[in-house]
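The structure under discussion appears below in the form of structure tokens.
The values are calculated or read from the model by the stated rules, or taken from the named source; none is laboratory data. The structure presented is a predicted model; accordingly, all values stated were derived computationally and were not measured. Don't worry about glycine lacking a Cβ; one is built from the backbone with ideal geometry, like all the others, and counts go over all protein chains shown.
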Amino acid sequence: MQVFTDIGFFIEYHQNGKFIGTTLIDKNEREIIGYYSRIDSIAEEDILLKNNKKIKKGSKYHTYIYPLCGKKK
């Protein structure tokens, strides 16, 4: 049996019902993770994602937070 451990978290960004990209974070900033962790926001500044896409300042978006799991050595 494989043992996995949380090695961080990632935030998914969505605009107009479409997945835009992710960013990595070390610590969970929300009590709930997954679908129910959704937060609707308006960008206060440009947000650069891992795939080099950008959410422009003033744009509406929403996020979900998920654990990033890896194999424990």
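Just for strands (runs of 3 or more DSSP E) wholly inside segment 1-43: which have at least 2 residues that are surrounded by 15 or more Cβ atoms within 10 Å (Cβ to Cβ)?
4-15, 18-25
Given the residues Tyr13, Tyr35, which is the only one that is of a type outside the set (Asp, Glu) and at pLDDT below 95?
Values: Tyr13 fails: at pLDDT below 95.
After ruling out the rest, the residue left standing is Tyr35.
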### Complete set of residues in segment 1-30 that are in contact (Cβ under 8 Å) with a residue 60 or more places away in the chain and farther than 19 Å from Lys50 by Cα
Gln2, Val3, Phe4, Thr5, Asp6
### Message
Take Gly8 and tell me if it is at positive phi and at pLDDT 95 or above.
### Response
no
